[in-house]
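Here's the structure, in structure tokens; my notes come after.
The values are calculated or read from the model by the stated rules, or taken from the named source; none is laboratory data. This is a predicted model, so every value here is computed, not measured. All Cβ positions, glycine included, derive from the backbone under ideal geometry; neighbour counts span all protein chains shown. Accessible surface is based on the protein model in full, side chains and every heavy atom, while ligands, DNA and RNA are left aside. Shrake-Rupley method; radii C 1.70, N 1.55, O 1.52, S 1.80 Å.
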Amino acid sequence: MKKTALILLCLLQPMTSALAEANKPLSAEVLWQLKRIGTPVVAPAGNHIIAPVTEYDVKTDKSSTQLWWFAPNGNQQRPLTIAGMKVSEPVFSPDGSTLAFISKRNDDEAGQIYLLPLNLPGEAQRLSDVPSGVSGLKWVGKHLYFISHVFPGKNWEQMKEQLKADKDNKVSAHQWNALPYAYFDHWLDERREAHVFRIPADGGEVTAITQPLGHELFRSNQGRSSYDISADEKWIAFSSYGSANRVDPNLDLFLAAIGSNNAENITPDNPAADDVPQFSPNGKTLAFNQQHIPGFYADIARLVLLDLSSRKLRSLCDNWDRSINNWRWTPDSKGFYASIDDAATNRIYYIDAQSGQHRAVTHDTNFSLPSVSDTGLLVASNESFLQPPQLVSINPQNGKVSRLDKFNDDVLRDVRLGSYESVTYKGYNGDDIQMWVHYPPGFDRSKKYPLFLLIHGGPHNAIGDGFHFRWNAQTFASWGYVTAWPNFHGSSGFGQAYADAINPDWKSKSLEDVLKAADWFKNQPWIDSERMVAGGGSYGGYLSSIILGTPQQPFKALLIHAAVYDMYSQMASDFAVHSTRFGNYWDNPALYQTISPHYFAANFNTPTLVSHGQLDLRVPVGQGFELFRTLQSRGVESRMLYFPDENHWILKPNNSIYWYHQVQEWMAKFAPPGPQ
């Protein structure tokens, strides 16, 4: 009898193992097994599609990126570059026969331009040898254009010597006499400026384009969108400082003939940002983004067109209450395709360049910045809460999507996902608030589940229907929680008034929205109101800190990551997000006393998990330690997770997995997961 039972047990083990495997959750470990597809580019003739694909090795804690080639019909895919390296910014030659990209290989001290013929076998060949490295790559006509951070007045050989001397220097001090001093997670060298250069596609001397003009690019953040070159290589348009004020910089748009010594400021009268220039393919028009409110990064981005012959400006879509970002000209110069943040979904829109009329091409799930060929092939990446980014082609007439890649199917085949839906509830002042609600796998409405309410950052960055690796709602749900993302007042994609509703009062409206979201869940028969927890990062950490100081709030435990805790201390940030819109602390101290979380510390009594990274220069790490010390001083049960090698986000595989497990353990202690 025992022998029979043992044989039966052995026979059942593979089946039991297979069932368990088929029901594995979307764990943090699974998230790091997924390949991540970047923004694709399509060749002019539509015969080549290229996309960067990044994968991670958890054992080594390192990532690598390859460029992959995809057939337009989706029948083939193959890697173009060597595994284990990093590549970025693929661009096609004007005839589509050659691919250029940036990589750091062999003895390269910094990223360089490499060329890879697509119709001939062989390895990519290095084109540039720029000591300060290259970024912001574009291929126009017979040249490749790029951005490099250089020491003014030094030639390339002197640059190389200076960089070596800096590397060998035993003094670790930085020095600044003016802003800016940092961007996001790295310090800026006051001695170096960002400029545009070019190099012939067949090799030769590097030529400075913007240095002779006496204008540098914005120091804090540059990329391909910072400048553009006309198809005939006669003109450059670029964004630069419109005044000497670097404390509250105003970006203006400049236009110059390549090879000249003078640049024309074409937006001198606009006090807010003008950037993202793009010449039309026919060379007649320059389009760019324009905002009107100084110091408000979520101000509606308008699309403005400059007629290059008459120098007349006209604005498109003035009556459309959406920001027009992530856009490209169509090859016929008659319109644009854009990925628009539209009511919690990034949809592809077509915009007519003459009338400004617009229509949604796609409707559900998120789409990235699209790329379009001369033949009309439209490609982008597409994702949802349940689907990591996939490469797709899009029918521009009816929005039908065809998948082109075959990544991640093997990883997700055995993963059991939950479900999600968009709901609307009444928030501050009775306004409609959109919220994404996620249900755990096997959700049973006849039972009661705990709630993990997620509070997004920004604050002006709505949570859209996309796959989030750092704060994945389905991963949280897989632990046995209903999870939710409310797009409270201040979120983008719901119009200008909605985004600007929380300035200068960061606290009141969004706090009420979150508390009323909790009330909405309390009224659902499948939620256990005694097992409700919440958490957020950045502004979401700020709002979680406000909740921490709110008497009689409903949450049993909180997660607070990279929180703006003391709004005056936030002056140490890489940029002052508050001063222009709120007034400086010394001008309006009463406002800061009303909205800064640290003023409400006397009410802190909720168990709180705090996490922060040393390299976070957007919300400096002192904010996290101030919060943790306050909690400990008040005798509140709390834990501090400190990451010496992370920035505003937790990006390394092992750190991320550790963070997810710590969050799971913390929440389970105060709100046990699963139905009851």
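Local charge sum around PHE238 (other residues, Cβ-Cβ under 12 Å, Lys/Arg +1, Asp/Glu -1)? List each step's numbers first, then the result.
Details: positive: LYS138, ARG224; negative: GLU216, ASP228, ASP252, GLU264, ASP274, ASP275.
Spelling it out: positives minus negatives among the neighbours equals -4.
Using only the Cα atoms, what convex hull volume per residue in Å³ does segment 347-458 have?
Values: hull volume 21.4 nm³, N = 112.
Roughly 191 Å³ of hull volume per residue.
Over the Cα atoms of segment 46-201, what is the Rg over Rh ratio if Rh follows Kirkwood? Present the calculation step by step, with values, prior to reporting the outcome.
Details: Rg = 18.0 Å, Rh = 17.7 Å.
Checking Rg against Rh, the ratio lands at 1.02.
Give me Rg/Rg_expected for segment 151-304, where Rg uses Cα atoms only and Rg_expected = 2.2 N^0.38 Å with N residues. Walk me through the intermediate numbers first.
On the way: Rg = 17.0 Å, N = 154, 2.2 N^0.38 = 14.9 Å.
That works out to 1.14 for segment 151-304.
Normalise the Cα radius of gyration of segment 219-330 by 2.2 N^0.38 Å (N = residues in it) and let me know the number.
On the way: Rg = 13.5 Å, N = 112, 2.2 N^0.38 = 13.2 Å.
In units of the 2.2 N^0.38 Å rule of thumb, it is 1.02.
Where in the chain are the DSSP H helices whose C-alpha atoms run 27 Å or more along the long axis and whose mean Kyte hydropathy is at least -1.0?
Working: long enough: 2-22 (30 Å, 0.97).
Those that pass (Cα extent of 27 Å or more, hydropathy at least -1.0) are 2-22.
Where a ≥ b ≥ c are the square roots of the eigenvalues of the C-alpha gyration tensor, would you call segment 300-381 rounded, which needs a/c under 1.5, or, failing that, prolate if a/b is larger than b/c, or oblate?
On the way: a/c = 2.36, a/b = 1.31, b/c = 1.81.
It is oblate, given that a/c is not under 1.5 and a/b is not larger than b/c.
Per residue, how much accessible surface does segment 61-140 expose to a 1.4 Å probe? Answer in Å², no decimals.
Result: 46 Å² per residue.
For LYS522, which aspartates and glutamates qualify as cross-link partners when the Cα separation must be under 17 Å and same-chain residues fewer than eight apart are set aside?
Cross-link targets: ASP444, GLU512, ASP513, GLU530.
How big is the Cα convex hull of segment 449-524 in projection, averaged over all directions, in nm²? The partial results should precede the final answer.
On the way: hull surface 21.6 nm².
About 5.4 nm², averaged over all directions.
Let me have the relative contact order for the chain, percent, based on Cα pairs under 8 Å that are six or more residues apart. Walk me through the numbers on the way to the answer.
Values: 1577 pairs, mean separation 67.0, N = 676.
Answer for the chain is 10 percent.
How are the C-alpha pair distances of segment 507-625 spread across 10 Å bins, as whole percents from the shortest bin up?
Over segment 507-625, the share of Cα pairs per 10 Å bin runs 13, 43, 31, 11, 2 percent.
Which Cα, out of ALA165, TYR542, PHE670, lies furthest along the positive dipole direction of the chain (beta carbon charges, K/R +1, D/E -1)?
Value: PHE670.
At 4 °C and 1.567 mPa s, what whole-number value in µm²/s does Stokes-Einstein give for the translational diffusion of segment 472-568, with Rh from the Kirkwood sum over Cα pairs? Intermediate values should be presented prior to the final figure.
Numbers: Rh = 14.3 Å.
The Stokes-Einstein estimate is 91 µm²/s.
Take every Cα pair under 8 Å in segment 350-506 that's 6+ residues apart, average their separations, divide by the length, and report that relative contact order as a whole percent. Working shown, then result.
Numbers: 261 pairs, mean separation 29.6, N = 157.
After rounding, I find 19 percent.
Can you give me the % of accessible surface on the chain that is carbon or sulfur? Probe 1.4 Å, all protein chains present, nothing else counted. Display every interim value, and only then the final one.
On the way: 14420 of 29060 Å².
Looking at the chain in its full context, I get 50 percent from C and S.
Take a quick pass over segment 84-162 and tell me how many lysine pairs come in under 20 angstrom between Cα atoms, counting only ones 8 or more apart or on separate chains.
Details: LYS86/LYS104; LYS86/LYS138; LYS104/LYS138; LYS104/LYS160.
Qualifying lysine pairs in segment 84-162: 4.
What is the local net charge at ASP57, summed over the other residues whose Cβ is closer than 14 Å to its Cβ (Lys, Arg +1; Asp, Glu -1)? Walk me through the intermediate numbers first.
Details: positive: LYS35, ARG36, LYS59, LYS62, LYS86, LYS652; negative: GLU29, GLU55, ASP61.
Neighbour charge sum, excluding ASP57 itself: +3.
Whole number in Å², please: accessible area per residue of segment 633-676, 1.4 Å probe, ligands, DNA and RNA not counted. Don't skip to the answer; put the middle values down first.
Details: 2070 Å² over 44 residues.
Each residue of segment 633-676 exposes 47 Å² on average to a 1.4 Å probe.
In percent, how large is the relative contact order of segment 117-256, given Cα pairs closer than 8 Å and 6 or more residues apart?
On the way: 205 pairs, mean separation 30.6, N = 140.
The normalised contact order for segment 117-256 reaches 22 percent.
In Å and from the alpha-carbon atoms only, list the Rg and Dmax of segment 57-133.
Using the Cα atoms of segment 57-133, the pair Rg, Dmax is 13.7, 42 Å.
Can you spot the lysines whose alpha carbon is less than 25 Å from LYS516's alpha carbon? Ignore those fewer than 8 places along the same chain.
Cross-link targets: LYS426, LYS447, LYS448, LYS507, LYS556, LYS669.
Let me know the shape class of segment 588-676, please: from the alpha-carbon gyration tensor, a ≥ b ≥ c as square roots of the eigenvalues, rounded when a/c is under 1.5, otherwise prolate if a/b is greater than b/c, or oblate.
Details: a/c = 2.23, a/b = 1.21, b/c = 1.85.
Oblate, since a/c reaches 1.5 and b/c is not below a/b.
Within the chain, what's the longest stretch lacking GluC sites (Glu not before Pro) that sit in DSSP loops with no more than 12 other Cβ atoms inside 10 Å? Before the final figure, lay out each step's value.
Details: sites that count: GLU123, GLU205.
Between exposed loop sites, the widest span is 206-676.
Quick one: net charge around PHE469, please, counting Lys, Arg +1 and Asp, Glu -1 for every other residue with C-beta under 13 Å from its C-beta. All intermediate terms of the calculation are to be shown ahead of the outcome.
Numbers: positive: LYS35, ARG36, ARG470, LYS652; negative: GLU29, GLU55, GLU383.
My count for the surroundings of PHE469 gives +1.
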